[in-house]
Amino acid sequence: MRRVVGGLMCLIATGVLVQCSDSTGTGEPAIALSAASVAVTGFAGGDDPDPLEISISNGGTGTLTGLVAAVAYGAGQPTGWLATSLSGDAAPVVLALTATPGTLAAGQYTATVSVTSDVATNSPQSVDVAFIVADPQSPWARLSARVGGSCGLMTVGAGYCWGANESGQIGDGRTGRKLIPTAVVGGLTFAELAIGNAHSCGRTPAGRAHCWGLNGAGQLGDGSTSNRLTATAVGGNEAFIALAAGDAHSCGLTVGGQAFCWGYNEFGQLGDGSTANRLTPTPVTGTVGFSALAAGSRHTCGLTAGGEAYCWGENEFGALGDSTRGNRAEPTAVRGGLTFQSISAGDGHTCGIATTGETYCWGLNGSGQLGDGTTGNRLTPTLVTGGLTFTVVVTGVGAAHTCGVAASGAPYCWGYNADGQVGDGALGNRLSPTAVAGGLVLGSLAVGGSHSCGVTSAGGVAYCWGANPIGQLGDGTVSRRLTPVRVSDP
């Protein structure tokens, strides 16, 4: 259900996770709820979101009567913002949940609604409610992009995803694509999101990592290879200050500079000296400490506190920058004597902003993604042409293009452009930085397989452009866009 409130769109997002009870087989009634976890989005100072309805049925036999609903609020949080209403006291009935922003500040609030009945064998049963109150003036902090999808982090720490969802990578408890931002259920607040090809990860403010989606190679890090439709805690006791996600692997960085990786490892992208998959976080080998990490499709890179770059994993096209084409199963120094302030890894290529301000790229260049005006692969860092100074340069999993934010805040992209992911209003590859149309001033960028996204530096407004057959642009359509289009509000 959606309705426009003060020019903003409110969405009630329901996550149907499990049937809360099964038939007891004892000939007695049992409470069954249609959802175990739901999320409601409203805007600070806006009208109340539409009521959310939960179905209550009899999961056993006989007659289920005497139904009562009660609310318990999260510890230390404001109370009174959630009202409940039952359409009757005997199943089947509808439980209506009405959240009221009132004077609540932007943030994420939680409550548990318990449904009881004296005649039910499994009383009480409950549904967890997350109320995400967004700042209408600056809703988005930054976006992430992948092949066929995107995720966004709200300024209040709530995670949203959209686009492809065949493996549960959106995290709403279901599968099936979503054309507009859909809440990651579970009531978690994130400081960062990192998304791979078909999995997603988030880091809480306390440093705990949670992942969801495809898990065939252990990329969720929970010790299994089972897909997860909701955020699931990564194994181990590590607290991370940064996350990175590749095609089918994930990595985390601790405050002490130790890198851990997990998941798919055929090319050595986990950096533990082997090519064996790992189902839980495994330390990257060596004595090098890192201050930043970046994960490409099948390789990983890190920066030391002094700006030295190291890469490991697949190196067929020179993405590791060590002047060879041999895969590396442990960190290997990037050649050229440069130091970097940031680094980003894509699908067979890598880019970084040097501490001197110039941008360099290396690796695969068949579509011009290195931005040096050619289509020749480079085994060591090569200067991006055009003379621009960038504050942000990013590429991504599955991406054969690169984007950057110039010092003025203007976005530029280059490389593969069959679907308009360069954003200049036309098709055709670009071999050097090309201005994105529309005059946007961006503070951050994200690059997916065939699309790009950014968030304005003022106002926190999200835009995407490029391919859109699965809804990865988040504008409610599946239409390709050759120039930036605004992402729908949740």
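The values are calculated or read from the model by the stated rules, or taken from the named source; none is laboratory data. Not measured: the values here are computed from a predicted model. Here the Cβ positions follow ideal geometry from the backbone for every residue, glycine too, while neighbour counts run over all protein chains shown.
Picking from 179, 229, 220, which residue would you name as being among the hydrophobic types (A, V, I, L, M, F, W, C), touching a Lys or Arg at 6+ places or on another chain (Cβ under 9 Å), in a strand (DSSP E or B) and not assigned by TED's automatic domain parsing to the domain that holds residue 128? Write out each step before concluding.
Values: 179 fails: touching a Lys or Arg at 6+ places or on another chain (Cβ under 9 Å); 220 fails: in a strand (DSSP E or B).
Answer to the selection: 229.
What residue, of 459, 386, is out of contact with any Leu (no Cβ under 6 Å at 6 or more places or on another chain) and modelled with pLDDT under 95? Give the steps one after another, and end with the answer.
Working: 386 fails: modelled with pLDDT under 95.
The conditions single out 459.
Any chance the stretch 191-201 includes a residue that's more than 23 Å from residue 148 (Cβ to Cβ) and either surrounded by fewer than 24 Cβ atoms within 10 Å (Cβ to Cβ) or among the hydrophobic types (A, V, I, L, M, F, W, C) (or both)?
For the stretch 191-201, residues more than 23 Å from residue 148 (Cβ to Cβ) and either surrounded by fewer than 24 Cβ atoms within 10 Å (Cβ to Cβ) or among the hydrophobic types (A, V, I, L, M, F, W, C) (or both): present.
Got a sec? Which strands (runs of 3 or more DSSP E) wholly within the stretch 37-120 have at least 2 residues that are in contact (Cβ under 8 Å) with a residue 12 or more places away in the chain, closer than 19 Å to residue 186 by Cβ and not basic (Lys, Arg)? Working first, answer last.
On the way: elements: 37-43, 52-58, 68-73, 82-86, 93-99, 107-116.
Ranges flagged: 37-43, 52-58, 68-73, 93-99, 107-116.
Among the residues of the stretch 317-366, which ones are acidic (Asp, Glu), in contact with a Gly (Cβ under 7 Å, 6 or more places away or on another chain) and either assigned to a loop (DSSP other than H, G, I, E, B) or outside the structural domain of residue 391 (by TED's automatic domain parsing) (or both)?
Within the stretch 317-366, the subset acidic (Asp, Glu) is 322, 330, 347, 358.
Checking the rest, the ones that are also in contact with a Gly (Cβ under 7 Å, 6 or more places away or on another chain) come to 330, 347.
Matches in the stretch 317-366: 347 only.
Residue check, residue 162 against (1) in contact (Cβ under 8 Å) with a residue 40 or more places away in the chain; (2) touching a Lys or Arg at 6+ places or on another chain (Cβ under 7 Å); (3) assigned to a loop (DSSP other than H, G, I, E, B), all met but one. Which one?
(3)
Looking for something small (Gly, Ala, Ser) and more than 18 Å from residue 243 (Cβ to Cβ) - is there at least one such residue anywhere in the stretch 287-303?
Filtering the stretch 287-303 for residues small (Gly, Ala, Ser) gives 289, 291-292, 294-297, 302.
Within this subset, residues satisfying the condition of being more than 18 Å from residue 243 (Cβ to Cβ) are none.
Checked against the condition, which is being small (Gly, Ala, Ser) and more than 18 Å from residue 243 (Cβ to Cβ), the stretch 287-303 yields no hits at all.
Of all residues in the stretch 457-470, which are closer than 16 Å to residue 438 by Cβ and either hydrophobic (A, V, I, L, M, F, W, C) or part of a loop (DSSP other than H, G, I, E, B) (or both)?
Let us first name the residues in the stretch 457-470 that are closer than 16 Å to residue 438 by Cβ, namely 457-459, 461-466.
Hits for the stretch 457-470 are 457, 458, 459, 461, 462, 464, 465.
Taking the stretch 262-292, which residues are among the polar types (S, T, N, Q) and more than 22 Å from residue 200 (Cβ to Cβ)? First the steps, then the outcome.
The first filter runs over the stretch 262-292 and keeps only residues among the polar types (S, T, N, Q), leaving 265, 269, 274-275, 277, 280, 282, 285, 287, 291.
The answer is 274, 275, 285, 287, 291.
Restricting to the stretch 78-112, and then to whatever is polar (S, T, N, Q) and at pLDDT below 90, can you tell me which residue is farthest from residue 35 (Cα to Cα)? Write out each step before concluding.
The first filter runs over the stretch 78-112 and keeps only residues polar (S, T, N, Q), leaving 79, 84-85, 87, 98, 100, 103, 108, 110, 112.
Checking the rest, the ones that are also at pLDDT below 90 come to 103, 108.
Working: 103: 28, 108: 20 Å.
For the stretch 78-112, the residue satisfying everything is 103.
Name the residue that is surrounded by the most Cβ atoms within 10 Å (Cβ to Cβ), counting only residues in the stretch 264-308 that are part of a strand (DSSP E or B) and touching a His at 6+ places or on another chain (Cβ under 8 Å).
First, the residues of the stretch 264-308 that are part of a strand (DSSP E or B): 278-283, 292-295, 299-303.
Those still in the list that are touching a His at 6+ places or on another chain (Cβ under 8 Å) too: 295, 300.
Numbers: 295: 28, 300: 32.
Restricting to residues being part of a strand (DSSP E or B) and touching a His at 6+ places or on another chain (Cβ under 8 Å), the top hit is 300.
For residues that are within 15 Å of the chain's Cα centre (by Cα) and either outside the structural domain of residue 192 (by TED's automatic domain parsing) or not in a loop (DSSP other than H, G, I, E, B) (or both), tally how many sit in the stretch 234-261.
Keep residues of the stretch 234-261 that are within 15 Å of the chain's Cα centre (by Cα), which gives 242-252.
Right, trim to either outside the structural domain of residue 192 (by TED's automatic domain parsing) or not in a loop (DSSP other than H, G, I, E, B) (or both) and you get 242-245, 249-252.
Summing the residues that are within 15 Å of the chain's Cα centre (by Cα) and either outside the structural domain of residue 192 (by TED's automatic domain parsing) or not in a loop (DSSP other than H, G, I, E, B) (or both) in the stretch 234-261 gives 8.
State all residues of the stretch 371-416 that are part of a loop (DSSP other than H, G, I, E, B), closer than 19 Å to residue 453 by Cα and free of Cβ contacts under 8 Å to residues at least 40 places away in the same chain; if no residue qualifies, say none.
Selection gives 407, 408, 410.
If I filter the stretch 117-157 down to residues being charged (D, E, K, R) and at pLDDT 95 or above, which single residue comes out as surrounded by the fewest Cβ atoms within 10 Å (Cβ to Cβ)? Step through it out loud before you land on a result.
Applying the first criterion (charged (D, E, K, R)) to the stretch 117-157 yields 118, 128, 135, 142, 146.
Those left that are additionally at pLDDT 95 or above: 142, 146.
Numbers: 142: 20, 146: 31.
Residue satisfying both the conditions and the ranking: 142.
With respect to residue 339, is the statement that it is buried (at least 24 other Cβ atoms within 10 Å of the Cβ), under 30 Å from residue 265 (Cβ atoms) and either in contact (Cβ under 8 Å) with a residue 12 or more places away in the chain or among the acidic types (Asp, Glu) (or both) true? So that I can check it myself, show each step before the final result.
Working: buried (at least 24 other Cβ atoms within 10 Å of the Cβ): no; under 30 Å from residue 265 (Cβ atoms): yes; either in contact (Cβ under 8 Å) with a residue 12 or more places away in the chain or among the acidic types (Asp, Glu) (or both): yes.
Spelling it out, it is not the case that residue 339 is buried (at least 24 other Cβ atoms within 10 Å of the Cβ), under 30 Å from residue 265 (Cβ atoms) and either in contact (Cβ under 8 Å) with a residue 12 or more places away in the chain or among the acidic types (Asp, Glu) (or both).
Checking the condition touching a Cys at 6+ places or on another chain (Cβ under 9 Å), touching a residue at least 24 places away in the same chain (Cβ under 8 Å) and assigned to a loop (DSSP other than H, G, I, E, B), which residue from 440, 473 passes? Full working, then the answer.
Working: 440 fails: touching a Cys at 6+ places or on another chain (Cβ under 9 Å).
The conditions single out 473.
Which of the residues belonging to the stretch 39-92 are within 13 Å of residue 116 (Cα to Cα) and either aliphatic (A, V, I, L, M) or under 36 Å from the mean Cα position of the chain (by Cα) (or both)?
56, 57, 64, 67, 68, 69, 70, 71, 86, 90, 91
Does residue 385 count as crowded, with 19+ Cβ neighbours inside 10 Å and under 21 Å from residue 318 (Cα atoms)?
Values: crowded, with 19+ Cβ neighbours inside 10 Å: no; under 21 Å from residue 318 (Cα atoms): yes.
No, not satisfied.
Could you list, in sequence order, the residues of the stretch 251-277 that are in contact with a Leu (Cβ under 9 Å, 6 or more places away or on another chain) and small (Gly, Ala, Ser)? Walk me through how you get there before you give the answer.
Going residue by residue through the stretch 251-277, those that are in contact with a Leu (Cβ under 9 Å, 6 or more places away or on another chain) are 251-253, 259-264, 276-277.
Result: 252, 259, 263, 276.
Before we move on, is residue 396 within 24 Å of the chain's Cα centre (by Cα), small (Gly, Ala, Ser) and over 24 Å from residue 311 (Cβ atoms)? Even if it seems obvious, please write down each step before you answer.
Working: within 24 Å of the chain's Cα centre (by Cα): yes; small (Gly, Ala, Ser): yes; over 24 Å from residue 311 (Cβ atoms): no.
Considered against the rule, which asks whether it is within 24 Å of the chain's Cα centre (by Cα), small (Gly, Ala, Ser) and over 24 Å from residue 311 (Cβ atoms), residue 396 comes out as no.
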